[in-house]
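Shown next, in structure tokens, is the structure this report addresses.
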Amino acid sequence: MENITPLGFTNREIIDLKKDERDKFQCLFSKLTDTKQYNFSEVAENTPVIEEIVIKPFTLL
């Protein structure tokens, strides 16, 4: 069965309380208290330099 989300809930996080009940409502309480549920380590110390590629406009002959 496919989940269908009404347009009014787009860009919002929906917590399924039935599923969250198994985890003692950890997701719900983390949202209510604005506490991070996961703490990720840093990905990289140095970020790469991305060079911009310029595409010239097309001209008709």
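The values are calculated or read from the model by the stated rules, or taken from the named source; none is laboratory data. Being a predicted model, the structure only gives us computed values, none of them experimental. A quick note on method: Cβ atoms are made from the backbone with ideal geometry, for glycine too, and the neighbour counts reach across all protein chains shown. Areas reflect the complete protein model, heavy atoms only, side chains present, ligands, DNA and RNA absent. Shrake-Rupley method; radii C 1.70, N 1.55, O 1.52, S 1.80 Å.
Pull up the range 28-48, narrow it to residues that are among the aliphatic types (A, V, I, L, M) and at pLDDT 90 or above, then point me to the one that is least open to solvent (accessible area, probe 1.4 Å). Residue satisfying both the conditions and the ranking: Leu28.
Restricting attention to the range 1-48, which residues are in contact with a Cys (Cβ under 8 Å, 6 or more places away or on another chain) and assigned to a loop (DSSP other than H, G, I, E, B)?
We begin by selecting, within the range 1-48, every residue in contact with a Cys (Cβ under 8 Å, 6 or more places away or on another chain); these are 15, 20, 37.
Selection gives Ile15, Gln37.
Candidates are the residues of the range 1-27 that are among the hydrophobic types (A, V, I, L, M, F, W, C), more than 18 Å from the chain's Cα centre (by Cα) and open to solvent by 100 Å² or more (accessible area, probe 1.4 Å); the one that is modelled with the highest pLDDT is Ile4.
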